[in-house]
Amino acid sequence: MPFVLIDKPRPNVTLVTLNRPERMNAMAFDVMIPLREALEEVSADNDTRVVVLTGAGQGFCSGADLEDSGHVPGIAGLTRTTIAHRSMDLLHDVILTLRSMHQPVIAAVNGAAIGGGFCLAVATDIRIASDQAYFRAAGINNGLTSTELGISYLLPRAIGSSRAFEIMLTGRDVDAAEADHIGLVSAVVPGDALLERCYSVAERIISFSRIGVESTKRLLWSSLDAGGLHAHMDHEAHAQLYVRLTTENFEEAVRARKEQRAPVYRD
């Protein structure tokens, strides 16, 4: 059975599922390398407009596999310290791949998102949780740091620095209700309604123009790295002018409203 499944449950929607439920979809390298490859494959699929990422069984992703970390390729002849660097690079590639995907990625957080699984969820564009979901920055509970895979960059930007510091320094669980309250997730729904809610959000996104959606994702991520408001506003302006002046999407939106129909964007 493959560790990562790719399905198309709706038109223009691709569901990517971590498929190691007996280990709560832990981040063994035998799972993360296929996940990165699957995400790259889906990103290049022009029929896919939105991606939903979830975990099989009762968990989203339980972080590092403490029993069997799996096989790290290409390490013959390397020392332990160099292998450690190469190993982290493989995990970093998954986070960076999520960011660089053309399509918005919705995390359907169906259960535990622990350690690296917490990082994986925060790296997606939209997070929707089941009422059984919870999040934990687990590294500090294991004598390590809670800072890994970009979470010390992403989490404060998602929920504010004070909340992020407290969650990461205490290593406590954040349940679905609190995650909703602090803005870590955009919605909490019953577990049996989770994927349908994600597909509903995806369908709304798909109704907009491809270039509009892709540019919006790019600009939102770029804002996290912006050196200042003025520079980023210039970046936004160029993106808006690019779409406005090189497509007829705006004119089509106006026509569609007048004719009381759904717009058909041809970019």
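Values quoted throughout were computed directly from the atomic coordinates according to the rules given, and no laboratory measurement underlies them. The shown structure was predicted, so the numbers you read here are calculated from the model rather than taken from an experiment. Virtual Cβ from ideal backbone geometry, glycine too; neighbours counted across all protein chains shown.
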Which of the listed residues, 160, 59, 249, is farthest toward the dipole's positive end in the chain, when Lys, Arg count +1 and Asp, Glu count -1 at the beta-carbon? 249
Counting C-alpha atoms alone, how compact is the stretch 147-186: give Rg to one decimal and Dmax as a whole number, in angstrom. 9.6, 25
With a length cut of 20 Å (Cα positions projected on each helix's long axis) and a Kyte-Doolittle mean of at least 0.0, go through the chain and give me the DSSP H helices that pass. 29-43, 80-100
Listed peptides 37-49, 125-137, 82-94, 253-265 by packing density, highest first (mean Cβ within 10 Å): 125-137, 37-49, 82-94, 253-265
With contacts defined as alpha carbon pairs under 8 Å and 6 or more residues apart, what's the relative contact order of the stretch 79-216 in percent? 25
Cα Rg, Dmax, the stretch 1-127, angstrom units: 14.3, 48
For residue 226, what is the net charge nearby, where nearby means another residue's Cβ is under 14 Å from its Cβ and Lys, Arg count +1, Asp, Glu -1? -1
Towards the positive end of the charge dipole of the chain, with charges on Cβ (+1 Lys, Arg; -1 Asp, Glu), say which of 143, 188, 29 has the farthest Cα. 188
Only one of the listed values, [x] 21.8; [y] 19.6; [z] 18.7, was derived from the coordinates as Kirkwood radius over Cα pairs in Å; which label is it? [y]
Roughly how big is the chain's charge dipole about its Cα centre, with Cβ charges of +1 (Lys, Arg) and -1 (Asp, Glu), in debye to the nearest 20? 500
Based only on other Cβ atoms within 10 Å, what is the fewest-to-most ordering of 170, 216, 81? 81, 170, 216
Over the chain, the sum of -39500 (n - 2.57) across DSSP H runs of at least four, divided by residue number and rounded to 500 deg cm²/dmol, gives at 222 nm -15000 deg cm²/dmol
